[in-house]
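Peer 1: Sharing a structure with you now.
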Amino acid sequence: MAVPVPRQRDTPATESAQANPQADPPAAAHVPAAHATAPQASLTLLVIEDDPGGGLTVPEILDADRHRIRLRTARNLTEAARLLTHDVHCILLDLSLPAAGSTTAGGARTAVVDQLDTLREVLRIAPRHAVLVLTAEADAERAAEAVRVGAQDFLFRDELDGRLLSRAIRYAVERKRADIAQYKLAESKLRAQENARLERGLLPNPLLEGSDLRFAARYRPGRSRALLGGDFYDTVRTPDGTVHAMIGDVCGHGPDEAALGVELRIAWRALTLAGLCGDDLLSTLQEVLEVERPGDEIFATLCTVDISPDGRRAGLCLAGHPAPLISRPGRRAQLLPYENSGPALGLLPKARWPRRQVELGGSWSLMLYTDGLIEGRIGEGKERLGQDGMVEMINRHLDRGLTGEGLLEASVTEARRLNGGELTDDVAVVLLSRDAS
């Protein structure tokens, strides 16, 4: 049974249900389409057409559950925008609808462009709705162009029947839903790529030109799919030949902690290049942390090492951070002295951080690390690897002849294996080595 689209010349555009010819009140405001991401109980079709002869008819259409699909009609885009509520699932646009500023003087191509401009306007005001276009069979080229512009499908007026239209509506709605899902996925991937580029740009580039020290580092954030965590490290050489290295850990694992870690690293580099070290540097860093941290409960641990130009001595400052590990040829690796260390940054106002002189010797390797490396579990129990377990692990790898990048990679890999899976805390490890031979 063919049902004519109601003519509405004397009254505002209204909704027409095929089972009930009485009109419902028009919607008061436009609501974004929810159907594009969630299925609805019944389907509503908005028909946009202006046929002075009244020749356009829409056949009876049923949804997948054999319920009649509701019709809502509009004579122009103004009325369509008013009727475009959340319960509209699909739009059927008659491409013969006059376009604003359309003329025939420019020939057939001008008419096509104008009518496609009408489609573009529909797509603009209904970006989340499925759109079907209706045209004559002789205008197949225009119909194909409409799909390229953004319509989900096209129908020929002369072939219109209920079964075809019902199937086309369901196909258009599902295709629009898939298009939106694909767009969101692509948008998510682009955002992830941008974040990855940003995070890589925030990782440090050691400044060691002119130094005979070798540098290696490993970084593994605890946050899933992140490149940057709350751990941070850096190494720079000042004009007097001193090599300054540091490693730190902001409590917590979120993006705020990662951002604060970057701020502290950059501040440390700037203050170090300006000539500060030891207690003066850490006191200033604490001021930076107190200003930049998102809450008073946030603190950061830090370890700084200042290696003399001849490479044989170093000044060590610890702010609530684990002591570095040193290994020398022919001797077992061991922790540097960590007595008289100061508190973590942000815990105590006006705190002090004593600087301890350490003899390194001629050839050595110095490993700085965060507690993510030593707090992993050993097997299924509650026992942690700890500093003693880490020292034993490093000595085993040294006995195998591992150095530099290989030593760090093997150590982080074994810590993960002992933990029974990925470490939950951020892990940063820095290795500085000197060979006097």
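Peer 1: If we sort 326-335, 232-241 on the protection proxy, mean other Cβ atoms within 10 Å, highest first, what's the order? Provide the component values of the computation, followed by the final result.
Peer 2: On the way: 326-335: 14.3, 232-241: 19.0.
So the peptides 326-335, 232-241, ranked by packing, come out 232-241, 326-335.
Peer 1: Based on the mean of other beta carbon atoms within 10 Å per residue, what is the order of 377-386, 165-174, 398-407, most packed first?
Peer 2: Details: 377-386: 12.4, 165-174: 19.2, 398-407: 13.9.
The most tightly packed comes first, giving 165-174, 398-407, 377-386.
Peer 1: How would you rank 179-190, 129-140, 204-215, highest first, on the average number of other Cβ atoms within 10 Å across their residues?
Peer 2: Working: 179-190: 11.2, 129-140: 19.8, 204-215: 14.8.
Top of the packing list down: 129-140, 204-215, 179-190.
Peer 1: In nm, to one decimal, how far is the Ile125 label point from the Arg417 one, both placed 7 Å along Cα→Cβ?
Peer 2: Inter-label distance under the simple model: 6.7 nm.
Peer 1: Work through the residues other than Arg356 whose Cβ is under 12 Å from its Cβ and net out their charges, Lys, Arg +1 and Asp, Glu -1.
Peer 2: On the way: positive: Arg313, Arg355; negative: Asp279, Asp306, Glu339, Glu359.
Net of charged neighbours comes to -2.
Peer 1: What does the charge add up to near Arg434, with Lys and Arg as +1, Asp and Glu as -1, over the other residues with Cβ less than 14 Å from its Cβ? Could the numbers behind the result be given before it?
Peer 2: On the way: positive: Arg214, Arg237, Arg312, Arg313, Arg328; negative: Asp212, Asp310, Glu359, Asp435.
Cβ neighbours under 14 Å give a net charge of +1.
Peer 1: Using the Karplus equation 6.51 cos²θ - 1.76 cosθ + 1.60 (θ = phi - 60°), what ³J(HN,Hα) coupling, rounded to whole Hz, does each residue of region 336-341 give in order, writing x for Gly and Pro?
Peer 2: Listing the rounded values in order: 6, x, 10, 5, 6, 6 Hz.
Peer 1: Sticking with this structure for a sec: Rounded to the nearest Å, what's the spacing between the alpha carbon centres of region 346-419 and region 233-250? Just the number, please.
Peer 2: For region 346-419 versus region 233-250, the Cα centre distance is 18 Å.
Just so you know, all these numbers are worked out from the coordinates, no wet-lab data involved. This is a predicted model, so every value here is computed, not measured. Glycine gets a Cβ as well: all are built from the backbone with ideal geometry, and neighbour counts include every protein chain shown.
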